[in-house]
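Each remark here refers to the structure printed beneath this line.
Coordinate-derived values only; no laboratory data. Please read these numbers as outputs of a predicted model, since none were measured by experiment. When we count neighbours, we look across all protein chains shown, and the Cβ atoms used for this are built from the backbone with ideal geometry, even at glycine.
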Amino acid sequence: MQFLSAKTLLYARVVFIIIIAYYLVKDPEALSTAGFVVLLGQAMQVPLIRLQPTDTLTGFCAVIMAGFSIGDLIPLLANNVEYFDTLVPVRLAAYFGLAAYCYFVNDSPVSNSLIFTFSFFEIWFNFLIYNNLKDEKYYRVKKYIEEHSDEIRDAYDEEIRIVEVE
């Protein structure tokens, strides 16, 4: 069994995005000059940006981030595992694409240290969540088969043929 469950990681991701939204409203300059943002930006040779507290676009981005967190929080509170089983791989592929685009296209307005760092952390979070979701799904199926083995055997007894290979 894993150290952290997928549900715990999803809650951590929601909190992470809410913290980003808070910093986008209160102190966007601290967010854009954080050590890990500068380090990842320089390591991947993407342009560094500095957000200004007077920029109105940061408020819009904070609202979008809050919407992302609420969009994950509602299915998470409803314990909708199937939602995350389908969403997390798509999200993972999208953030891989965004990170690759930031790295390979340097003259784009989307290619900067803040977006690359955000996509990097999203890849990391979603990869952990994806692995835990698959592991938990395996254990759920295993438990279901153990609990209902007689019913499954009775229902599919005629259809199951054991073939012995010599």
| query | Cα centroid distance between the range 69-124 and the range 1-55, in Å? | reply | 12 Å
| task | Choose one answer from Lys142, Lys134, Lys26: the residue with the largest mean-square fluctuation in a GNM of the chain with alpha-carbon springs under 10 Å. | result | Lys142
| said: Please report the net charge: other residues with Cβ closer than 13 Å to the Cβ of Ala34, K and R +1, D and E -1. | reply: -1
| Calculated from DSSP H runs of 4 or more alone, at -39500 (n - 2.57) each and per residue, what is the 222 nm mean residue ellipticity of the chain, nearest 500? | -24500 deg cm²/dmol
| request: Can you pull the one-decimal nm distance between simple spin-label points at Ala30 and Lys134, each 7 Å off the Cα toward Cβ? | output: 3.8 nm
| task | Count charges around Glu136 for me, please; just the other residues with Cβ under 13 Å from its Cβ, Lys/Arg as +1, Asp/Glu as -1. | result | +3
| request: Run a plain Debye calculation on the range 55-166 (Cα atoms as equal point scatterers, no solvent) and give log10 I(q)/I(0) at q = 0.15, 0.16, 0.18 Å⁻¹, rounded to two decimals, same order as the q list. | output: -0.83, -0.90, -1.04
| query | Taking the chain as a Gaussian network, where each spring joins two C-alpha atoms under 10 Å apart, which residue of Val81, Val141, Val25 fluctuates the most? | reply | Val141
| request: Would you look at the GNM of the chain, springs on alpha carbons closer than 10 Å, and say which of Leu128, Leu98, Leu39 moves the most? | output: Leu39
| Fewest to most neighbouring Cβ within 10 Å: what's the order for Leu24, Leu48, Leu77, Leu40? | Leu77, Leu48, Leu40, Leu24
| said: Where in the chain is the longest stretch that carries no chymotrypsin sites (Phe, Trp or Tyr not before Pro) classed as loop by DSSP and with at most 12 other Cβ atoms within 10 Å? | reply: 4-155
